[in-house]
1. Please identify the pairs in which a residue from region 184-199 that is under 13 Å from residue 268 (Cα atoms) has its Cβ atom under 6 Å from the Cβ atom of a residue that is surrounded by fewer than 16 Cβ atoms within 10 Å (Cβ to Cβ) and at pLDDT 95 or above, counting only partners at least 6 apart or on another chain.
2. Out of all the residues in region 165-183, which are free of Cβ contacts under 8 Å to residues at least 12 places away in the same chain and assigned to a loop (DSSP other than H, G, I, E, B)?
3. Are any residues in region 234-257 free of Cβ contacts under 8 Å to residues at least 40 places away in the same chain and surrounded by fewer than 16 Cβ atoms within 10 Å (Cβ to Cβ), and if so, which ones?
4. If a residue must be part of a helix (DSSP H, G or I) and in contact with a helix residue (DSSP H, G or I) (Cβ under 6 Å, 6 or more places away or on another chain), how many such residues does region 128-164 contain?
């Protein structure tokens with residue numbers, strides 16, 4: 001038994017509290033022995049930190065060493081996906097290479113490789129054409145034949161309706177439009193074009209002003225005038241005859257219809273197209 005324990009056996013009450021304090025101090029000292037602190041330096045002092053609760057000022061809350069945080073490794077950039085255009089270019093380049101190889105070295109292996117690869121692309125083209133046709137059949141907005149039929153019956157109906165629309169437009173021209181016809185007496189095509197133009201103009205009552213560029217007369221248009229600058233004033237640079245110009249009396253605008261010999265149907269179609277249809281809508 002130690003000295004402190006012997007003293008504590010004294011019955012005197014004076015030493016009772018002192019003995020108790022010595023026992024507690026001895027236990028605390030044993031608990032916070034230097035060896036324990038050496039073994040675990042992060043362990044707080046039991047007397048000051050647990051009993052006295054002095055806190056941070058006595059290093060009870062010891063800072064923990066910072067862990068080495070390694071920066072994240074840069075992630076590899078994703079490889080961009082191959083585009084359809086790039087795939088097409090690769091296929092075209094491979095086909096050309098196989099063809100050139102088969103021509104320069106026409107061995108059975110090279111020719112077979114070229115034929116097989118070419119057939120694969122032909123099958124792909126056939127599939128594309130088939131799906132294209134099916135899509136058009138199922139969507140009338142994509143079907144061009146709705147605007148311009150190609151079947152025999154559909155084309156006949158379209159032409160009949162077109163003729164009715166054309167005749168209606170030409171019959172309405174007489175109040176606003178007139179035709180200037182530039183001809184020459186020594187012009188052989190003018191002898192062919194003059195009766196055609198007169199027939200179209202008479203059937204739709206379109207007035208015609210015949211203008212002789214060389215001063216010679218016309219058997220078809222006896223009431224002609226000699227060119228005194230009308231052609232230049234209309235902006236016609238070409239001297240080709242015959243020349244037919246539609247003149248808009250409301251806007252004072254000259255609309256060249258054509259040069260040379262034109263069939264009657266072609267002449268009427270041109271007048272109808274230039275007067276009654278919008279560019280890019282009737283084709």
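The values are calculated or read from the model by the stated rules, or taken from the named source; none is laboratory data. None of these values were measured; they are calculated from a predicted model. FYI the Cβ positions are ideal-geometry reconstructions off the backbone, even for glycines, and counts take in every protein chain you see.
1. Matching pairs, first to second residue: 196/264.
2. Hits for region 165-183 are 172, 175.
3. Of everything in region 234-257, those that are free of Cβ contacts under 8 Å to residues at least 40 places away in the same chain and surrounded by fewer than 16 Cβ atoms within 10 Å (Cβ to Cβ) turn out to be 235, 237, 238, 239, 240, 251, 252, 253.
4. Of the residues in that region, 4 qualify.
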